[in-house]
Amino acid sequence: MKTKTYSVPLRAPHCRRAVKSKARDDSSDSSAAVELLCRLRMPVFFVVVMLYVVGFLLCAGSVSMLMHPPAAPGSVYRSPELFKKLWPEMQLDNSSGVDLNAVWKYGKRLKQWKPCTNSSIEHSGSPAPSGYLIVDANGGLNQQRSSICNAVALAGLLNAILVTPQFHFHNIWMDPSKFGDIYDEDHFISSLDGHVRVIRRLPETVIERFGYNISNIPNLKVKARAPVSYYLTEASPVLREHGVIRISPFANRLAIEIPPDIQSLRCLANYKALRFSVPIVTIAKKLVDRMVEKSSNNGGKYMAVHLRFEEDMVAFSCCVYGGGMTEKFEMDSARQRGWREKFNHRGRCLSPGLKRMNGKCPLTPLEVGMMLRGMGFNNNTPVYLASGKIYNADRNLAPLLQLFPLLQTKESLATPEELAPFQGYSSRLAALDYVVCLYSEVFVTTQGGNFPHFMMGHRRFLYSGHAKTIKPDKQKLAVLLHDPSISWKVFKEEMETMLHESNRKGMTFRKSKQSIYAYPSPDCTCHQDLINSTFLPTYLNHEAG
C-alpha cells in the first residue's frame with residue numbers, strides 16, 4: 001500500500017488541518033515538527049496583521065491630514081470660545097484698571113509742535129486764473145474730505161477757480177447730501193480767500209457754452225496718485241483751451257508728494273477751511289458734553305472706539321465669522337447688492353483664513369472688548385462706540401456691553417427727535433461720530449480706512465503731535481485669539497505690550513508716500529519749544545472743527 005505524503009503548509013491558517021491529520025497518516029516526528037512550526041508562525045502572522053492594520057491607519061490618517069490639514073495659527077475665528085473660557089478670570093481681574101488720565105506715559109521730554117496753517121504767505125499764482133475746476137468727491141465722509149483737500153491743492157497748482165465740490169451718490173453709503181449739508185460753505189470759501197478762489201457754482205456764461213449740461217464739460221479720466229507733471233502737461237492745456245475742466249471721480253487722484261507750497265493748501269483746507277455745518281455742530285457738541293458728563297467718575301475722560309463691523313464691511317472683507325450657511329447667504333447677498341458682479345470673479349473671496357492671519361479681517365465687537373480689557377481698561381471705563389449699523393447687532397454687541405457696561409453711542413446719547421434730521425444720511429451721522437471721537441482721551445481704530453487716518457492725523461494736530469490712538473497689531477491678535485490654551489495672564493501681558501507700542505509710535509513724522517492726513521508733521525505743523533497752551537481750548541470752542 002502506497003503511503004500518502006503531505007507537504008508542510010506555507011500559511012498559518014492551514015496548520016489546523018495538518019494537526020488534525022496527525023492521527024491518521026503522519027509519523028509522530030513529522031507531526032511534532034509541523035505543530036512546532038505552526039506555533040512559531042502564529043505570532044508572526046498576528047504581528048504581520050497588526051503591522052498591516054497600523055500601516056493602513058497611519059496611511060489613512062496621512063491622507064486625512066492632507067485633505068483636512070490642521071488650521072494654521074490665527075486662521076480661524078475662535079474668539080467666542082476663548083472668551084467663554086477666560087471670562088471668569090477677566091471678572092476677577094477687574095479690581096484695578098488703566099487711568100485714562102495717565103494712559104500716555106513718556107520716558108523723555110516730548111518735542112512740541114504747533115499748527116502752522118495760518119501762514120501769512122499767500123499762494124502765488126498768475127494774476128488771471130486759467131479757468132474753472134469741477135470735481136466729484138466720491139466715497140464716504142472722509143474719502144470725500146480727502147477729495148476736497150486734494151481739489152484745493154490742485155486748484156492752487158493749476159491757478160484755477162474751484163467750484164464747490166460735488167458729492168457723488170454711492171449705492172453703499174446711500175447719502176444724497178450736498179457740500180453745504182455737511183460743511184459750513186461760507187467758512188470754507190472765506191478761509192481759502194487769498195490762497196484759492198472758491199465759488200458755489202459756475203457762472204451762467206460758462207455753463208451756457210456747454211448747453212447747460214455739465215456732462216458736456218471736458219471730463220479728464222485721471223489715474224490714481226497722478227503726479228504734478230501730469231496736471232501741468234496734460235490737464236493745464238485742456239483747462240486753458242476750454243476755460244473749465246471736470247474730474248470725476250476725484251478721490252486719490254493727486255500724488256501724495258507735491259511741492260511744499262501746494263502741500264500747505266491741503267493742510268489749510270483740512271484743519272481750517274473744513275468745518276462742519278451748524279446743524280451737525282449743534283448736535284455734536286451736545287453729544288460731547290453728555291459723554292463728558294457720563295464720564296465724570298473719570299474726570300470727564302472717555303475712550304472712543306471706531307468699529308468697522310457693518311454688513312457691507314464684513315461682506316467686502318470676505319472674512320468668515322462662524323455663522324455657517326446663514327452668514328454665507330447674507331454676505332453673498334450684501335456683495336451682490338453693493339458691488340454687483342465684482343465678487344463673482346474666480347478667486348475674489350478665497351482664503352478667508354489667510355486674510356485673518358494677515359490682519360485683514362475687521363475686528364468683531366467681542367475681539368475689541370477682549371483686547372481693551374487685556375490692555376487694562378476695566379468695566380468702569382466710559383466708552384463711546386462710533387459705528388454704522390453693526391452686522392447682526394443683537395448677537396455681536398452683547399459681549400462688548402458685557403465687557404464695558406458704560407458703553408454709549410450717538411443713539412443712546414441723543415434723543416430720537418435730535419437724531420431725526422440725520423437719519424438716512426450716513427455721512428452726516430459719521431460727522432457726529434467724528435466730532436465725539438476727536439475729543440476723546442483715547443481713540444481706538446480697528447480696521448483702517450479714511451476715517452481713522454483723518455482722525456489720527458487730526459488728533460496729532462490737536463495734541464501737540466502725539467497720536468493718543470490705539471492701533472492694534474491684528475496679525476498678532478489673530479494668533480492669540482486662536483489659541484485655546486492661552487491663559488488670561490499671558491494674553492494680558494501681550495495686550496499691555498501692544499498698548500506700549502501704540503504709545504511709542506505716537507510721536508512720528510510723515511515718511512515718504514505716507515498720508516499727510518494721517519501724519520501732519522512736519523507738513524502741517526511747526527516746531528516750538530513750549531506747548532501752545534491756548535490753541536487747544538480755542539479750537540474746542542471753534543464750532544467743533
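When segment 384-397 is examined, which residues are found to be within 19 Å of the chain's Cα centre (by Cα) and either open to solvent by 50 Å² or more (accessible area, probe 1.4 Å) or not aromatic (Phe, Trp, Tyr) (or both)? First the steps, then the outcome.
Let us first name the residues in segment 384-397 that are within 19 Å of the chain's Cα centre (by Cα), namely 384-393, 396-397.
Scanning segment 384-397 gives LEU385, ALA386, SER387, GLY388, LYS389, ILE390, ASN392, ALA393, ASN396, LEU397.
Report, by residue number, each residue of segment 209-237 that is in a loop (DSSP other than H, G, I, E, B) and in contact with a Leu (Cβ under 7 Å, 6 or more places away or on another chain).
First pass over segment 209-237, keeping only residues in a loop (DSSP other than H, G, I, E, B): 210-213, 217-218, 220-227.
If the condition is that a residue be in a loop (DSSP other than H, G, I, E, B) and in contact with a Leu (Cβ under 7 Å, 6 or more places away or on another chain), then ALA226 is the only one that fits.
Name the pairs: first residue in segment 400-422 and under 14 Å from TYR302 (Cα atoms), second residue open to solvent by less than 10 Å² (accessible area, probe 1.4 Å) and assigned to a loop (DSSP other than H, G, I, E, B), Cβ to Cβ under 7 Å, at least 6 apart or on different chains?
If the second residue must be open to solvent by less than 10 Å² (accessible area, probe 1.4 Å) and assigned to a loop (DSSP other than H, G, I, E, B), the pairs left are PHE404/THR381; LEU406/THR381; LEU406/PRO382.
In this structure, does SER147 turn out to be touching a Gly at 6+ places or on another chain (Cβ under 9 Å), assigned to a loop (DSSP other than H, G, I, E, B) and modelled with pLDDT of 70 or more?
Values: touching a Gly at 6+ places or on another chain (Cβ under 9 Å): yes; assigned to a loop (DSSP other than H, G, I, E, B): no; modelled with pLDDT of 70 or more: yes.
Spelling it out, it is not the case that SER147 is touching a Gly at 6+ places or on another chain (Cβ under 9 Å), assigned to a loop (DSSP other than H, G, I, E, B) and modelled with pLDDT of 70 or more.
SER177 - would you say it is in contact (Cβ under 8 Å) with a residue 12 or more places away in the chain, assigned to a loop (DSSP other than H, G, I, E, B) and open to solvent by less than 10 Å² (accessible area, probe 1.4 Å)?
On the way: in contact (Cβ under 8 Å) with a residue 12 or more places away in the chain: yes; assigned to a loop (DSSP other than H, G, I, E, B): yes; open to solvent by less than 10 Å² (accessible area, probe 1.4 Å): yes.
So SER177 passes the test.
Given the conditions (1) more than 28 Å from LEU354 (Cα to Cα); (2) modelled with pLDDT under 90; (3) surrounded by 19 or more Cβ atoms within 10 Å (Cβ to Cβ), which single one is not true for CYS524?
Condition not satisfied by CYS524: (2).
Would you be able to tell me the number of residues in segment 337-385 that are at pLDDT 85 or above and assigned to a loop (DSSP other than H, G, I, E, B)?
15
Considering each of TRP104, TRP113 in turn, give the residue that is more than 21 Å from LYS492 (Cα to Cα), among the aromatic types (Phe, Trp, Tyr), at pLDDT below 90 and open to solvent by less than 80 Å² (accessible area, probe 1.4 Å). Reasoning before the result, please.
Numbers: TRP104 fails: more than 21 Å from LYS492 (Cα to Cα).
That would be TRP113, the only listed residue that is more than 21 Å from LYS492 (Cα to Cα), among the aromatic types (Phe, Trp, Tyr), at pLDDT below 90 and open to solvent by less than 80 Å² (accessible area, probe 1.4 Å).
Would you check if there is a residue in segment 398-418 being under 20 Å from the mean Cα position of the chain (by Cα), part of a helix (DSSP H, G or I) and modelled with pLDDT under 95?
no
For segment 129-149, does any single residue satisfy the condition of being of a type outside the set (Val, Ile, Thr) and loosely packed, with under 13 Cβ neighbours inside 10 Å? Don't jump to the end; show me each part of the working.
Taking segment 129-149 as the starting set, the residues that turn out to be of a type outside the set (Val, Ile, Thr) are 129-133, 136-147, 149.
Adding the requirement that they be loosely packed, with under 13 Cβ neighbours inside 10 Å leaves none.
Scanning segment 129-149 turns up no residue that is of a type outside the set (Val, Ile, Thr) and loosely packed, with under 13 Cβ neighbours inside 10 Å.
I'm checking my understanding of the structure. Among residues of segment 315-336 that are touching a Cys at 6+ places or on another chain (Cβ under 8 Å) and assigned to a loop (DSSP other than H, G, I, E, B), which one is surrounded by the most Cβ atoms within 10 Å (Cβ to Cβ)?
CYS319
Which condition breaks for VAL206 when tested against (1) at pLDDT 95 or above; (2) surrounded by fewer than 20 Cβ atoms within 10 Å (Cβ to Cβ); (3) assigned to a loop (DSSP other than H, G, I, E, B)?
So the condition that VAL206 fails would be (3).
Confirm whether VAL442 is closer than 23 Å to ILE283 by Cα and at pLDDT 95 or above.
Details: closer than 23 Å to ILE283 by Cα: yes; at pLDDT 95 or above: no.
In short, no.
Can you report the number of residues in segment 328-342 which are within 20 Å of the chain's Cα centre (by Cα) and touching a residue at least 24 places away in the same chain (Cβ under 8 Å)?
First pass over segment 328-342, keeping only residues within 20 Å of the chain's Cα centre (by Cα): 331, 334-335, 338-339.
From what is left, the residues that are touching a residue at least 24 places away in the same chain (Cβ under 8 Å) are 338.
Total meeting the criteria: 1.
Out of all the residues in segment 478-497, which are crowded, with 20+ Cβ neighbours inside 10 Å and either farther than 20 Å from GLY97 by Cβ or in contact with a strand residue (DSSP E or B) (Cβ under 8 Å, 6 or more places away or on another chain) (or both)?
ALA478, LEU480, LEU481, HIS482
Just to be sure before I move on: is PHE454 crowded, with 17+ Cβ neighbours inside 10 Å and under 26 Å from LYS468 (Cα atoms) in the structure I sent?
Details: crowded, with 17+ Cβ neighbours inside 10 Å: yes; under 26 Å from LYS468 (Cα atoms): yes.
Yes, satisfied.
Which residues, counting only those in segment 191-203, are touching a helix residue (DSSP H, G or I) at 6+ places or on another chain (Cβ under 9 Å) and either part of a loop (DSSP other than H, G, I, E, B) or open to solvent by 70 Å² or more (accessible area, probe 1.4 Å) (or both)? If you could, list the steps in order and put the result at the bottom.
Keep residues of segment 191-203 that are touching a helix residue (DSSP H, G or I) at 6+ places or on another chain (Cβ under 9 Å), which gives 191-192, 195-202.
Of everything in segment 191-203, those that are touching a helix residue (DSSP H, G or I) at 6+ places or on another chain (Cβ under 9 Å) and either part of a loop (DSSP other than H, G, I, E, B) or open to solvent by 70 Å² or more (accessible area, probe 1.4 Å) (or both) turn out to be LEU192, HIS195, VAL196, ARG197, ARG200, ARG201, LEU202.
The values are calculated or read from the model by the stated rules, or taken from the named source; none is laboratory data. Quick caveat, the model's predicted, so the values are computed rather than measured. Note that we place each Cβ from the backbone using ideal geometry, even for glycine, and neighbour counts take in every protein chain shown. Ligands, DNA and RNA are excluded from the accessible area calculation, which covers all protein heavy atoms including side chains. Shrake-Rupley method; radii C 1.70, N 1.55, O 1.52, S 1.80 Å.
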